[in-house]
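*Asks:* A single structure is presented below for examination.
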Amino acid sequence: MSPQTSSQTLAQIPLFKSLNREAIRRLDTQCIWRRASAGDYILQYKDGGNDLYFVVQGHVRVLIQAISGKESILRDIEAGEYFGELAAIDGLPRSAAIVAVTNAVIAKMPSAVFRQAVHEHPDVCDQLLMLLASQVRMLANRVNEYGTLDVRRRIYAELLRLARPASKGANGETVISPPPTHAELAARVSSHREAVTRELKKLEAGGLLQRRRGAIVIVDGGRLAKMIEDAAE
């Protein structure tokens with residue numbers, strides 16, 4: 001791929017928002033650009049290599065693998081975000097697999113180029129530190145959930161994480177759109193599809209959740225959060 005088209009530039013990556021046009025252009029030319037189709041594995045667990053990857057277009061997913069070989073969904077990475085920063089910093093094998101959820105445009109940046117950008121631009125360094133801190137907090141929260149919550153409450157917590165505020169005047173409703181499949185939700189909480197189906201039906205029967213075209217609506221997120229807190233005490 002040639003780094004001359006509008007879809008092949010790092011200018012839209014927030015990490016580089018403080019860089020001028022010429023600095024962005026230099027970084028563009030130092031990347032290898034590729035397209036990934038939905039379902040393609042971009043990285044496999046334990047892969048070698050220390051390149052950093054930027055999602056310029058599309059949506060990818062981080063999968064972690066248990067000793068049994070079962071994969072669980074850790075988080076999603078949207079356009080404008082990046083992955084592979086741990087290997088770019090410490091040079092160790094990949095700690096997770098990355099799969100394209102949609103067709104995507106990916107920029108692969110050599111570790112040396114990334115580290116130079118971090119050292120030369122304080123804002124890039126600060127943003128990287130913020131990302132690493134947020135990931136540590138996220139992982140700490142997930143460990144706490146697995147240690148204190150049963151599958152039911154883990155499903156509740158994941159629904160709240162995925163939900164976004166509904167349109168104005170929606171009386172505090174939050175929406176998950178597009179809705180995940182039951183199998184996908186199960187992979188996010190290390191459970192199985194049948195358990196997710198059962199718990200979502202209970203939430204619907206209790207009036208806490210509604211299914212609408214192309215969306216799951218959480219009617220009372222505060223009440224759902226309280227149910228999680230009560231179980232953790």
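*Asks:* Dipole size in debye (nearest 20) for the range 1-160 around its Cα centre, Lys and Arg Cβ +1, Asp and Glu Cβ -1?
*Replies:* It comes to approximately 240 debye.
*Asks:* Calculate how steeply helix 221-232 sits against the longest principal axis of the alpha-carbon atoms of the chain, using the helix alpha-carbon long axis, and give the answer as 0 to 90 degrees to the nearest 10.
*Replies:* Result, in degrees: 80.
*Asks:* To the nearest 0.05, how large is the calculated FRET efficiency for Gln12 and Ser190 if R₀ is 45 Å and r is the Cβ-Cβ distance?
*Replies:* 0.85
*Asks:* In the chain, once you exclude exposed trypsin sites (Lys or Arg not before Pro) (DSSP loop, at most 14 other Cβ within 10 angstrom), what's the longest stretch remaining?
*Replies:* For trypsin sites (Lys or Arg not before Pro) (loop position, at most 14 other Cβ atoms within 10 Å), the longest site-free span of the chain is 71-167.
*Asks:* Distance between Cα centroids, the range 59-79 to the range 173-189: provide it in whole Å.
*Replies:* Between the Cα centre of the range 59-79 and that of the range 173-189, the gap is 14 Å.
*Asks:* If you fit an axis through the alpha-carbon atoms of helix 193-205 and take the longest principal axis of the Cα set of the chain, what angle between them do you get, 0 to 90°, nearest 10?
*Replies:* Helix 193-205 and the main axis of the chain meet at about 60 degrees.
*Asks:* Among Ile89, Ile64, Ile98, which one moves the most in a GNM of the chain with springs linking Cα atoms closer than 10 Å?
*Replies:* Looking only at Ile89, Ile64, Ile98, the biggest GNM fluctuation is shown by Ile89.
*Asks:* Which residue, Gln30, Gln12, Gln135, tops the fluctuation ranking in a GNM of the chain built on C-alpha contacts under 10 Å?
*Replies:* Gln135
*Asks:* Between 0 and 90 degrees, rounded to the nearest ten: what's the tilt of helix 151-162 against the longest Cα principal axis of the chain?
*Replies:* Between the helix axis and the principal axis of the chain, the angle is about 50 degrees.
*Asks:* Is the range 149-232 rounded, prolate or oblate when judged by the Cα gyration tensor, a ≥ b ≥ c being the square roots of its eigenvalues, rounded requiring a/c under 1.5 and prolate requiring a/b larger than b/c?
*Replies:* Here the range 149-232 falls in the oblate category.
All of the numbers you see were taken from the coordinates with simple rules; none came from a lab. What you see is a predicted model; the values in this text were computed from it and never measured. A quick note on method: Cβ atoms are made from the backbone with ideal geometry, for glycine too, and the neighbour counts reach across all protein chains shown.
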